Amino acid sequence: MATKSPYHIITIPPLQCSLSNPDATATTIAEKFRTLRLHSLQVNPEAFAAKYEEEVQKPLSQSLERILNPKAIHFVALQTPSDIDPATIEKDAVTRLVHDHWLGMIVLLGPQEDKGENPRDFTSNPFPAFTAGGQLVEPDALLYRINGTFTAPEARGLGLGLKLMQAALGAAVQGGQQFGAAVRVGLAVFAHNVAATKLYEKAGFKIVEDRESRSQPWTRALVMDNVLVPRKLVMENVLVKKT
């Protein structure tokens with residue numbers, strides 16, 4: 001049954017600590033991230049390439065490294081107390097992340113410069129490919145990747161999955177605006193995960209490839225794309241500015 005308590009989508013902000021010397025706040029947030037991630041692998045193992053038996057053996061430092069990565073923006077759905085002023089939640093994001101219950105999350109990886117190729121099947125682990133490299137220099141097109149979409153069973157039916165996705169896509173558009181660049185967002189989903197596929201289609205994604213998964217042979221993987229800011233629109237804006 002869906003929870004009746006208020007919920008809010010917030011972004012894990014940049015945490016002022018290092019991987020080698022994390023403070024108590026960063027450690028707590030990493031622990032909550034790890035707990036929800038492991039829970040997702042237990043509740044819906046068929047939806048993820050990662051396996052609980054392997055991930056539970058990995059140290060907390062891996063989770064900390066992920067939330068500290070500047071090219072991995074984490075959005076969290078929080079179950080917030082009813083007496084909390086909604087206007088203060090984003091301002092007090094760190095406090096809320098530490099004290100409130102996590103209901104779901106999604107990760108926006110990137111950007112990388114979009115070379116125009118069809119997206120690869122990153123159902124195994126997209127982190128290395130989309131968080132590598134330094135600062136981009138005047139790219140005309142950006143490519144992001146969605147990863148780790150999950151809503152806890154008790155919070156399903158509230159539209160959290162779509163709201164998390166909309167928050168991530170909004171951040172991708174903002175990233176493109178910084179460069180005046182086209183924006184494309186991709187993801188990969190197992191073909192048998194019908195509910196997730198429908199959610200992604202509702203958010204504007206289209207299937208661009210259906211192939212055998214690289215991480216799980218004999219399993220079909222759908223590669224999906226959402227063109228948020230077309231190259232044509234960017235070029236038209238450039239021409240308008242020049243005239």
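A short reminder: the numbers here are calculations on the coordinates, not readings from a lab. All of these numbers come straight from a predicted model, not from anything done at the bench. Heads up, the Cβs are rebuilt from the backbone with ideal geometry, glycines too, and the neighbour counts pull from every protein chain shown.
Looking at ILE84, ILE89, ILE73, which is the one that is among the aliphatic types (A, V, I, L, M), closer than 20 Å to ALA152 by Cα and surrounded by 11 or more Cβ atoms within 10 Å (Cβ to Cβ)?
Criteria check complete, one pass: ILE73.
If ARG145 satisfies all but one of (1) of a type outside the set (Asp, Glu); (2) in a helix (DSSP H, G or I); (3) within 15 Å of the chain's Cα centre (by Cα), what's the number of the condition it fails?
Only one criterion is unmet by ARG145, namely (2).
Going through the range 16-58 one residue at a time, which ones are out of contact with any Asp or Glu (no Cβ under 8 Å at 6 or more places or on another chain), more than 30 Å from ALA191 (Cα to Cα) and of a type in the set (A, V, I, L, M, F, W, C)?
Result: ALA24, ALA26, ILE29, ALA30.
Within the range 174-218, count every residue that is assigned to a strand (DSSP E or B), farther than 16 Å from LEU143 by Cβ and within 15 Å of the chain's Cα centre (by Cα).
Of the residues in the range 174-218, 1 are assigned to a strand (DSSP E or B), farther than 16 Å from LEU143 by Cβ and within 15 Å of the chain's Cα centre (by Cα).
Can you name the condition, by its number, that THR11 falls short on among (1) in contact with a strand residue (DSSP E or B) (Cβ under 6 Å, 6 or more places away or on another chain); (2) free of Cβ contacts under 8 Å to residues at least 12 places away in the same chain; (3) hydroxyl-bearing (Ser, Thr, Tyr)?
(2)
Can you find, within the range 19-35, the residue that is surrounded by the most Cβ atoms within 10 Å (Cβ to Cβ) among those that are small (Gly, Ala, Ser) and free of Cβ contacts under 8 Å to residues at least 12 places away in the same chain?
Only one residue fits best here, namely ALA24.
From the list LEU38, LEU60, which one is more than 30 Å from GLY157 (Cα to Cα), among the aliphatic types (A, V, I, L, M) and without any contact (Cβ under 8 Å) to a residue 40 or more places away in the chain?
One residue alone meets the criteria, LEU60.
Restricting to the range 51-88, count the residues that are in a loop (DSSP other than H, G, I, E, B) and under 24 Å from GLN112 (Cβ atoms).
Residues that pass the stated criteria total 3.
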